[in-house]
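Below: the structure, in structure tokens.
The values are calculated or read from the model by the stated rules, or taken from the named source; none is laboratory data. Keep in mind it's a predicted model, so treat the numbers as computed, not measured. All Cβ positions, even for glycine, are placed from backbone atoms using ideal geometry, and neighbour counts span all protein chains on display. The accessibility values were calculated without ligands, DNA or RNA, using every heavy atom of the protein model including side chains. Shrake-Rupley method; radii C 1.70, N 1.55, O 1.52, S 1.80 Å.
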Amino acid sequence: MKKWYSIFVIERPWIKKLVLGFWIFFIFILVLFPLYIQSVNADWMGLYGGMPSLRSLENPENDLSSELISSDGVSLGRYYRHNRSQVTYEEVSEDLINTLLISEDHRYFDHSGMDFIAYLRVFKGLITFSPAGGGSTITQQLAKNLYQTRGSELEGKLGRNNNILRLIVGKTKEWIIAVYLEKHFTKQEILAMYLNTADFGSNAFGIKVATETFFDNTPDSLDYMESAVLIGILQGSTRFNPVLNYDNSLRKRNEVLTKLYRHGYKIDSREMLDSLMALPIDLDNYNVANHNKGLATYFRSVIRQDLMDWCKENGIDLWESGLKIHVTLDSRMQELAEQAMEAQMKGLQESFYDHWKGRNPWIDLDGKEIKNFVESRFRQSERYRELVRKYGKDHDSIRIVMTTPRPMTVFSWNGEIDTVLSPLDSIKYFKHFLHAGLMAMDPRNGAVKAWVGGINHKYFKYDHVRQGKRQPGSTFKAFVYGSAIENGYPPCYKLLDVSPSIPIPGGIWYPKNADGKEGSGEEMTIRQAMARSVNTITAQLMQKVGVNNVVDFAHRVGIESHLDAVPSLALGTSDVSLYELVGAYSTFVNQGIHTRPYFITRIEDKNGNVIENFVPKTREAISEQTAYKMVFMLMGGVEESGGTSRGLSYDLKEENEIGGKTGTTDNASDGWYMGVTPNLVTGIWVGGDERSIHFRNWALGSGGRTARPIWESFMRAVYANKDLEHGKSTFKRPARGVDVSLDCSRYTMGAPSDSTQVAPTREWDFSEAQ
């Protein structure tokens, strides 16, 4: 007799199939699937491709942008391959977290990396041909973001030529990695890592940069409407980008808002949902970060090489390591400096246009336009070299390309202009611009506080603070007078304003003053001569102390460039950088101690651990006595009759001590101003892109006319900002007083050999200056 269940199975064959299917499913779940998972994890026979190491799973690295942080805690910009910056879970708003979870993974806190209910929904959708969304959890998406599980680096033999198998294997790896991540990190840490690694498009990687880019906001301040836009972008950084595809983004945002309504978060009625869905996406604050925007663009560009050199020595990748680079620049002073330069240069450019109306500004020493100037500059360009490689030298096609107009965007002080120009015409257009550089430094510690390398970094990359070197003109006279004072000539020493005869190869040189004359014959102190920038007396002093002594003095106080030991050096004929000049002038204010300008204080890793602290390099350059006498000499520019800084605003000079020196080179190619105060030394240069581009009139292009107004505007703004620690003050006197009389009305002229022996005729009260 057959048993009852045998009859039941025989008579009902569907039961037999069901039992068989159950055993197959049971064997697959308990035996084959675990074996498959293990074989993927072990990359059996190289079929699946490698897996990230256990160490990398426990310490997932994420390429992070390195950030420059000002001395007042403001981000100045980032260095990145992918613009990314980290936030912690606590730095993200509750609205953003809840919007993310409701939209992407509302069972997030209930699963351990894999949501099996979601997988059933996906399976059902495949059977019914009605997809109901993906089944990936946030943890799996993080695995894909971190390790590129479907990329070529982890690819095996199976997926090499089969997209379906590549997808299956990649998904399997995400499951495995997700389990590891859930074991080693809290749910909050996983959420933060996911938001930090997500690609939001518009060069924004990570929620911090995305928030800045789309809403000029911070992640902790995002509301649910803004969050809905950003979470929508995660479904497709291009397809749902509100700038590139506004309609798609609006539709996706409204889908996210609908999910919030269904889950009862923030939106409590259908009417409220409908009204919210009718609102547009606010993109008024949209701004894609790049290296041409923001504060201190030239500074960021120039010091990049310094940072890359440091990173190379320390085995660090600047672009992906998430360094926090703390710099000496003060964002408030930097902004004031950029505003001061823009205001002056905008007006100066208009004057330059008017001055050269109907003519081109590139002229030779005889005042005649340089022939073929634009064509020669084109032949120096990389574009021309590319054309030569393509067509061959002197090919007609090169001339056609050079002269054919094409659409382009050009710079103007009133904003960018879309126009049509040929390559030759664009060179001609851009060569008409005047340029400038500014650097401000705290002389007490060498900290650079502001650095403006040019007028617009997007269109003019060349930095005029440290990269650019030009003839300093009369600003170099400070080193001639400094050498004289060091050799015994006091500020009250008198000379006649007459041109000396100086032997030079090929004849005799008779220096002339700015008015073109060989002196007025007037007797004046060397303080008065420096204040008025008298060339003849400067040349006389150069003769007396010797050109080699002047070169040595200049190098000791901070000039690093090569200086030609020739008589004309007295008038500033050897090229130097603004960076060097500011450092050298600061030596006078810092009581003879030269501090090389520095701009990095410390570098931290992505976790805030200090990797290295930087300290300024200092050395004793000149005596305290010489340094203060030079400060007194520089103050003469403000105090002496005829001084080139006498015209400074009264509100700057009131209850304040200031020194200043203008500088202008031959033909007014370069205009300079060096302004010194007890706690800030600032240098400014203004000139054309090339020495042949300048005002025809020397007075129009003088440093007092072009550069000094920038310094004046900058310093007035600095003093007006009471939050800055660079207010009005007095220069520090030598501890034992000055060893010569500074009261020139009672000075008796003597030879340099005994001038230091002259007893002071007036005692100074230094109590307030200590």
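Take the conditions of a type outside the set (D, E, K, R), in contact with a strand residue (DSSP E or B) (Cβ under 6 Å, 6 or more places away or on another chain), modelled with pLDDT of 75 or more and open to solvent by 20 Å² or more (accessible area, probe 1.4 Å) and apply them to residue 102. Does it pass?
The answer is no for residue 102.
Which is surrounded by fewer than 24 Cβ atoms within 10 Å (Cβ to Cβ), modelled with pLDDT of 90 or more and of a type outside the set (Phe, Trp, Tyr), of 166, 251?
Criteria check complete, one pass: 251.
Restricting to segment 560-575, and then to whatever is hydrophobic (A, V, I, L, M, F, W, C) and either touching an Asp or Glu at 6+ places or on another chain (Cβ under 8 Å) or in a helix (DSSP H, G or I) (or both), can you tell me which residue is surrounded by the most Cβ atoms within 10 Å (Cβ to Cβ)?
570
Check segment 255-267 and report whether any residue there is under 30 Å from residue 602 (Cα atoms) and either of a type in the set (A, V, I, L, M, F, W, C) or outside any helix (DSSP H, G or I) (or both).
Within segment 255-267, none of the residues are under 30 Å from residue 602 (Cα atoms) and either of a type in the set (A, V, I, L, M, F, W, C) or outside any helix (DSSP H, G or I) (or both).
Open to solvent by 10 Å² or more (accessible area, probe 1.4 Å) and not small (Gly, Ala, Ser): is that true of residue 239 in this structure?
Against the criterion (open to solvent by 10 Å² or more (accessible area, probe 1.4 Å) and not small (Gly, Ala, Ser)), residue 239 qualifies.
Any residue in segment 459-474 that is assigned to a helix (DSSP H, G or I) and either without any contact (Cβ under 8 Å) to a residue 12 or more places away in the chain or crowded, with 18+ Cβ neighbours inside 10 Å (or both)?
Checking segment 459-474: at least one residue is assigned to a helix (DSSP H, G or I) and either without any contact (Cβ under 8 Å) to a residue 12 or more places away in the chain or crowded, with 18+ Cβ neighbours inside 10 Å (or both).
Which is open to solvent by less than 10 Å² (accessible area, probe 1.4 Å) and out of contact with any Cys (no Cβ under 7 Å at 6 or more places or on another chain), of 545, 557, 610?
Unique residue meeting the criteria: 557.
Only residues in segment 713-741 that are touching a residue at least 40 places away in the same chain (Cβ under 8 Å) and in a helix (DSSP H, G or I) count as the first member; pair them with residues that are small (Gly, Ala, Ser) and open to solvent by less than 20 Å² (accessible area, probe 1.4 Å), Cβ under 8 angstrom, at least 6 apart or cross-chain, and list the lot.
Qualifying pairs under 8 Å: 713/340; 714/337; 714/340; 714/440; 714/450; 715/675; 717/340.
When you go through (1) touching a residue at least 24 places away in the same chain (Cβ under 8 Å); (2) outside any loop (DSSP other than H, G, I, E, B); (3) crowded, with 18+ Cβ neighbours inside 10 Å one by one for residue 311, which number turns out not to apply?
(1)
Mind listing whichever residues of segment 521-542 are small (Gly, Ala, Ser) and loosely packed, with under 15 Cβ neighbours inside 10 Å?
The one that is small (Gly, Ala, Ser) and loosely packed, with under 15 Cβ neighbours inside 10 Å: 521.
Just name the residue that is nearest to residue 534 (Cα to Cα) out of those in segment 494-520 that are open to solvent by less than 60 Å² (accessible area, probe 1.4 Å), small (Gly, Ala, Ser) and in a loop (DSSP other than H, G, I, E, B).
Only one residue tops the list, namely 519.
One residue is enough: does segment 617-625 have a residue meeting the conditions modelled with pLDDT of 95 or more, closer than 23 Å to residue 465 by Cβ, open to solvent by less than 10 Å² (accessible area, probe 1.4 Å) and not in a loop (DSSP other than H, G, I, E, B)?
Within segment 617-625, not a single residue is modelled with pLDDT of 95 or more, closer than 23 Å to residue 465 by Cβ, open to solvent by less than 10 Å² (accessible area, probe 1.4 Å) and not in a loop (DSSP other than H, G, I, E, B).
Say we look at segment 626-653 and pick out the residues that are touching a residue at least 12 places away in the same chain (Cβ under 8 Å) and loosely packed, with under 15 Cβ neighbours inside 10 Å; which of these is nearest to residue 534 (Cα to Cα)?
Restricting to residues being touching a residue at least 12 places away in the same chain (Cβ under 8 Å) and loosely packed, with under 15 Cβ neighbours inside 10 Å, the top hit is 642.
What strands (runs of 3 or more DSSP E), lying completely within segment 405-448, carry at least 2 residues that are open to solvent by less than 30 Å² (accessible area, probe 1.4 Å) and under 22 Å from residue 577 (Cβ atoms)?
434-441
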